[in-house]
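To start, the structure itself, in structure tokens.
Bear in mind that the values in this text are calculations on the coordinates, not laboratory data. Please read all numbers here as calculations on a predicted model, not as lab measurements. Heads up, the Cβs are rebuilt from the backbone with ideal geometry, glycines too, and the neighbour counts pull from every protein chain shown.
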Amino acid sequence: MNVIVIGLSHHTSPVELREQFAFADVKIPDALKSLREFGIAGEAVILSTCNRVEIYAATSLEPAKAFAELKQFLKTAHAFENPLGEEIYTLAEPHSLQHLFKVASGLDSMVLGETEILGQLKTAYKLAHQHKHTGARLNKAFQRAFNVAKHIRTHTSIQRGSVSVASVAVELAEKIFSSLAEREVLVIGAGETSEKVARALLSRGAKSIIVASRSFERAEILAKEFGGRAVQFEDWSAEFEKIDIAISSTSAPHHILDRAKLEPLMRARKNRPLLLIDIAVPRDIDPAVNFLENVYLYNIDDLQSIAADYLKQRKEEIVRCEQIIAEKVKPLLEMKKVRPQISTDGHRLKPMSAES
Amino acid sequence: MAWFTDRHFFLLAVALYGLSAVYSVFLWRRGFRTDDRANYFLLLAAFALHTLAMFLRGFNFKQCPVNNLYEATTFIAWTIVAAYLVIGLLPRLRFLGAFASPILFAMGVFALMPALDPPHAAQPDFSNGLTSLHAALILLAIGAFGLSAVAALMFLTEEHDLKFHKLRAIFSLLPPIQRLERVMNGLLFGGILLLTAGLSIIPFLPTEKSDGHLKNDPLLPYSIFIWLFYLVLLVARWKFGQGGRRFAWSALGGFVFILLTFWGFLLLSPIHHP
């Protein structure tokens with residue numbers, strides 16, 4: 001049996017199309033059962049995430065025939081009647097296995113090197129395995145993919161560093177403060193990115209969030225969501241004595257915080273370190289405040305350039321990762337040559353319990 | 001192995017400090033992105049040789065090896081590296097070694113100058129246990145100030161990077177600057193405790209040597225000045241929140257001042273250099 005892949009991903013299709021082919025978790029076991037009952041696949045796993053819908057199948061059909069039937073199956077299962085072109089990709093061995101390894105390692109993800117996909121892939125495999133729709137070929141392939149993902153994570157820098165503005169901000173805070181546990185965060189102006197930064201800081205242990213927004217109602221909603229408190233926009237500077245991190249993203253056309261205003265505030269807070277994250281455009285904070293002692297100012301460009309540099313580093317690792325994958329796929333293909341093929345007569349397949 | 005003296009062991013230790021200093025330059029140029037384990041082990045090996053050299057000297061003369069400028073300098077360097085090896089058990093603080101090794105190397109080269117190690121007198125200068133304790137406590141204090149200066153140097157480097165070389169700051173594996181500030185503070189506090197203990201022994205020291213000289217000994221006001229300087233530094237931080245860059249510059253400046261002046265005052269002292 002050959003392992004083949006058919007699917008749509010963020011590389012080939014927009015979300016409007018992907019969402020039409022998405023499988024709800026509860027429907028996946030039935031879909032897998034159908035694939036086997038129709039004789040399209042002897043073993044199958046369906047991976048359905050926000051960025052991709054893929055069917056991994058082990059089949060004894062000729063790849064071309066199998067791809068045609070799988071494509072039809074996808075269209076029928078989702079009552080999709082329009083023609084499909086390059087939005088759907090099809091891969092046969094060895095590319096199918098290489099693709100599986102790449103997906104597991106986050107090399108095919110929208111955010112290069114992200115790890116969430118590995119968990120999603122494990123869940124998809126577990127679901128198929130529990131319903132006994134996997135056998136020797138896919139068990140071996142998936143177990144090996146998980147091992148390769150782990151190997152790549154530990155032996156390359158593909159997952160190192162933060163590639164989003166929010167996580168870069170958290171990393172910066174961790175460079176300044178010994179621990180985020182006792183840190184109070186002030187969010188001035190409630191934009192989407194500042195929300196994400198605040199959320200990321202909270203998830204890393206920040207003590208509390210104070211929200212100041214021109215719309216007090218909006219500030220209250222956000223503060224409630226974060227388990228923090230809202231303050232009137234005019235009063236945000238009164239909070240500076242307590243806070244350690246300020247995230248600013250107002251739509252003010254001028255600086256709302258400058259050196260003259262911050263200097264007395266720093267004295268009041270006994271010169272404790274202060275991290276200022278200015279996400280607003282035009283900027284909310286006068287760059288000159290960075291010259292004050294114990295003040296660390298980062299604007300959106302700083303954060304984005306750090307994230308971009310991390311991404312660049314990750315991209316530089318792709319070649320190394322692909323070499324690892326190419327090496328790890330080889331034994332899997334050679335193993336297939338010497339192993340007897342398992343029939344696809346619809347009988348229950350014996351799952352493999354351990355990976356060598 | 002009579003031809004292989006304690007000074008030879010110390011020379012080997014200094015060579016390792018030098019090697020570590022060279023390695024530190026590479027670490028610095030790479031932006032402190034890789035763990036500093038290699039440097040830690042280099043300094044550990046140097047420490048073993050350094051300790052052996054001090055033991056040999058101590059056993060040879062049957063007293064704590066703190067009698068001349070060579071011994072005083074090696075003792076201070078030994079304190080710095082010993083304290084580093086403890087602090088460096090924390091992976092991120094291990095990078096202190098990269099900042100400490102050039103200072104250790106420079107101190108080692110300075111100590112090895114032959115004029116600093118004249119032959120011991122028949123009657124040792126420090127013939128009393130309390131006198132040895134006094135000297136050892138003061139040198140340990142200077143060692144603690146030395147390591148706090150190393151932490152200050154690291155703080156200033158990282159603080160500058162955080163403000164102006166933002167990419168380098170975030171890619172490095174250096175510890176958070178707040179933690180460095182605590183390390184500096186702790187070492188200064190330990191140093192001042194040791195210095196206080198060392199100075200407070202003076203009234204109980206044997207009087208035959210100090211009699212008539214103590215009032216005229218420039219090392220006494222010098223030591224009090226150093227003690228006051230660090231005390232003011234710590235009080236300013238504790239009482240007025242004087243932290244960050246100024247605190248680090250003061251810790252660094254204080255130790256540089258000691259390095260530049262201590263030997264001079266020691267030579268001027270009629271008690272310590274009769």
### Task
Bin width 20 Å, alpha-carbon pairs only: give the P(r) of chain A as whole percents, running from 0 to the bin holding the largest distance.
26, 40, 27, 6
### Summary
Once phi for every residue in segment A:144-153 is put through the Karplus expression 6.51 cos²θ - 1.76 cosθ + 1.60 (θ = phi - 60°), the whole-Hz ³J(HN,Hα) values, with Gly and Pro written as x, are 5, 4, 5, 5, 5, 4, 5, 4, 5, 5
### Task
Would you please report the Å³ per residue occupied by the convex hull of the alpha carbon atoms in segment A:1-90?
84
### Task
Take the alpha carbon atoms of segment B:31-78, find their center, do the same for segment A:40-64, and report the distance between the two centers in whole angstrom.
65
### Query
Fewest to most neighbouring Cβ within 10 Å: what's the order for B:Lys239, A:Lys27?
B:Lys239, A:Lys27
### Summary
Given 10 °C, 1.306 mPa s and a Kirkwood radius over Cα pairs, the Stokes-Einstein diffusion coefficient of chain B in µm²/s is 82
### Query
Where in segment A:189-220 does the label zone of A:Ser179 land, with the point 7 angstrom along Cα→C-beta and an amide N cut-off under 17 Å?
A:202-208
### Query
Sorting A:Ile285, A:Ile88 on the 10 Å Cβ count, fewest up front, what's the list?
A:Ile88, A:Ile285
### Query
From the backbone phi of segment B:47-62, what are the Karplus-calculated ³J(HN,Hα) couplings (6.51 cos²θ - 1.76 cosθ + 1.60, θ = phi - 60°) in whole Hz, Gly and Pro given as x?
4, 4, 5, 4, 5, 4, 4, 5, 4, 4, 5, x, 5, 4, 9, 6
### Summary
Connecting every pair of Cα atoms under 10 Å apart in chain B and solving the GNM, the largest mean-square fluctuation among B:Leu90, B:Leu69, B:Leu49 falls on B:Leu90
### Query
Given H placed 1.01 Å from N in the peptide plane, which residues other than close sequence neighbours of B:Leu173 have an amide H under 5 Å from its amide H?
B:Arg33
### Task
For chain B, with a Gaussian network of springs between Cα atoms less than 10 Å apart, report the residue from B:Phe164, B:Phe110, B:Phe26 with the top mean-square fluctuation.
B:Phe164
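Taking loop as defined by DSSP and a crowding limit of 10 other beta carbons within 10 Å, which GluC sites (Glu not before Pro) in segment A:1-98 fit?
On the way: sites: A:Glu16, A:Glu19, A:Glu37, A:Glu43, A:Glu54, A:Glu69, A:Glu81, A:Glu86, A:Glu87; in loops: A:Glu81, A:Glu86, A:Glu87.
Of the GluC sites (Glu not before Pro), the ones in loops of segment A:1-98 whose Cβ has at most 10 other Cβ atoms within 10 Å are A:Glu81, A:Glu86.
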### Summary
When chain A is treated as a Gaussian network with springs between alpha carbons less than 10 Å apart, the largest mean-square fluctuation among A:Val187, A:Val53, A:Val15 is found at A:Val15
### Task
Please list the radius of gyration and Dmax for segment B:17-90, considering alpha-carbon atoms only, with Å as the unit.
14.5, 46
### Task
Using a Förster distance of 56 angstrom, determine the FRET efficiency expected from the C-beta separation of B:Arg246 and A:Gln323, and round it to 0.05.
0.65
#### Entry: Semi-axis lengths (Å, descending) of the ellipsoid that matches the C-alpha gyration tensor of segment A:139-187
34, 11, 11
### Message
Considering the Cα positions of the protein assembly as shown, please state its Rg to one decimal place and its Dmax as a whole number of Å.
### Response
33.3, 109
### Summary
A correct Karplus calculation of ³J(HN,Hα) over segment A:39-51, with 6.51 cos²θ - 1.76 cosθ + 1.60, θ = phi - 60°, whole Hz and x for Gly and Pro, returns x, 6, 9, x, 9, 7, 9, 10, 10, 10, 10, 5, 9
### Sorted by Cβ neighbour density within 10 Å, fewest at the top, the residues A:Lys140, A:Lys71
A:Lys71, A:Lys140
### Query
What's the center-to-center distance, using Cα atoms, between segment A:209-232 and segment B:162-183 in Å?
31
### Query
Per residue, what volume in Å³ does the convex hull of the Cα atoms of segment A:4-162 enclose?
106
